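Okay, structure first, notes after.
The values are calculated or read from the model by the stated rules, or taken from the named source; none is laboratory data. From a predicted model like this one, the values you see are computed outputs, not experimental measurements. Every residue, glycine among them, receives a Cβ derived from its backbone with ideal geometry; neighbour counts consider all protein chains shown.
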Amino acid sequence: MKYTGPKAKRCRRQGANIFGADKYDKILQRKPYGPGKGPKTRATRPSEYCKQLKEKQKARDMYGLSERQFRILYAEATKKEGQTGETFKQLLERRLDNVIYRAGLALTRMQARQFVNHGHFQVNGVRVSVPSYRVRPGEVIILRERNKRSPVYGTILDAHEKYMPPKWLKVDSGAMKVEVVSLPLPDDAEQAIDVRQVVEFYSRT
C-alpha cells in the first residue's frame, strides 16, 4: 500500500480520514503520524492557534469546501439564533452532497459531489445539480431513473449493506430514495470535528 499520494498526506497531516474512503483508515492505522515524520519523532507542542487552524482546515477539507465557501457559511451561522457551532454543523450537514453521502448513496463526499454535479438526483421531482443545495424537512431526494442503470450504484449499495444512516434521514436503498424527516441534531453531525476549535479560530479573525 502506498502512503505518498497527496490525499494520503493530507489525511496523515490532519490525523483523520477527511475523504471517507476505507483505504485512508488503513493508511492512518499503519502511519498514525504526519508525513515526513517517523513514529519516534518528537513533535513540538502546538500552540492553541495552531490547533484551531488545523481543526478548521480538517473540517473544511472533510466537507470539501473552499476557504471562501467555508467562511461564508460560518458567517451565516453567526447571524442565526442559537449556538454558532451547532448551527454551523447543521448547515454543513444539510448540503445536498453531504446528504447523499450520509444516506449511503456514495462512498465519499467527493463522489457524492460528483453525482450531484452531474445531475443524478432529483429533489421533490426537480433535478438539482448544485452540491450546496440546502435540504429541508419533508423533501424527498431520489436517483433519476436513467442513472439507476449505472453499475456504480450497485457497488455502493453492496459496500454499504450494513450501513445505518442518521435518524434525520429515511432511506429506501431499494428505490434509491431519501426523505429528510427532520433537521440534523448536533450528535448527527460529523463527530470527528471539534467545532468549538473552529469557532474559536474565527473568533480571532
*For Gly125, all conditions in the list (1) touching a residue at least 40 places away in the same chain (Cβ under 8 Å); (2) surrounded by fewer than 17 Cβ atoms within 10 Å (Cβ to Cβ); (3) not basic (Lys, Arg) hold save one; what is the number of the exception?*
(1)
_Hey, Arg134 in contact (Cβ under 8 Å) with a residue 24 or more places away in the chain, within 22 Å of His160 (Cβ to Cβ) and touching a strand residue (DSSP E or B) at 6+ places or on another chain (Cβ under 9 Å) or not_ = no
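Can you say whether Val171 is assigned to a strand (DSSP E or B) and within 29 Å of Asp194 (Cβ to Cβ), as far as the supplied structure shows? Outline the logic, then answer.
Details: assigned to a strand (DSSP E or B): yes; within 29 Å of Asp194 (Cβ to Cβ): yes.
Yes; evaluated as a whole, the condition is true for this residue.
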*asked:* Any residue at all in segment 34-50 that's surrounded by 14 or more Cβ atoms within 10 Å (Cβ to Cβ) and at pLDDT 90 or above?
replied: no
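Could you tell me which of the residues Thr84, Thr108, Thr78, Thr4 is assigned by TED's automatic domain parsing to the domain that holds Thr155, among the polar types (S, T, N, Q) and either modelled with pLDDT under 65 or under 27 Å from Asp187 (Cβ atoms) (or both)? Please lay out each step first, then the result.
Values: Thr84 fails: assigned by TED's automatic domain parsing to the domain that holds Thr155; Thr78 fails: assigned by TED's automatic domain parsing to the domain that holds Thr155; Thr4 fails: assigned by TED's automatic domain parsing to the domain that holds Thr155.
After ruling out the rest, the residue left standing is Thr108.
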*Identify, from the list Asn147, Asn98, the residue that is over 26 Å from Asp61 (Cα atoms) and of a type in the set (S, T, N, Q).*
Asn147
*Answer with yes or no whether Tyr163 is of a type outside the set (A, V, I, L, M, F, W, C), more than 15 Å from the chain's Cα centre (by Cα) and crowded, with 17+ Cβ neighbours inside 10 Å.*
no
_Among (1) surrounded by fewer than 18 Cβ atoms within 10 Å (Cβ to Cβ); (2) in a helix (DSSP H, G or I); (3) touching a helix residue (DSSP H, G or I) at 6+ places or on another chain (Cβ under 6 Å), the one test that Ala77 misses_ = (1)
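Just to be sure I understand, how many residues within segment 110-147 are touching an Asp or Glu at 6+ places or on another chain (Cβ under 6 Å), not in a loop (DSSP other than H, G, I, E, B) and not β-branched (Val, Ile, Thr)?
To start, the set of residues in segment 110-147 that are touching an Asp or Glu at 6+ places or on another chain (Cβ under 6 Å) comprises 112-113, 116, 123-124, 131, 140.
From the residues that got through so far, the ones that are not in a loop (DSSP other than H, G, I, E, B) too are 112-113, 116, 123, 140.
From what's left, not β-branched (Val, Ile, Thr): 112-113.
Adding up the residues that qualify gives 2.
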*asked:* So if I check each of Arg113, Arg109, Arg136, which one is among the charged types (D, E, K, R) and over 17 Å from Arg60 (Cα atoms)?
replied: Arg136
_Counted residues, segment 168-178 - those being touching an Asp or Glu at 6+ places or on another chain (Cβ under 9 Å) and surrounded by fewer than 16 Cβ atoms within 10 Å (Cβ to Cβ)_ = 2
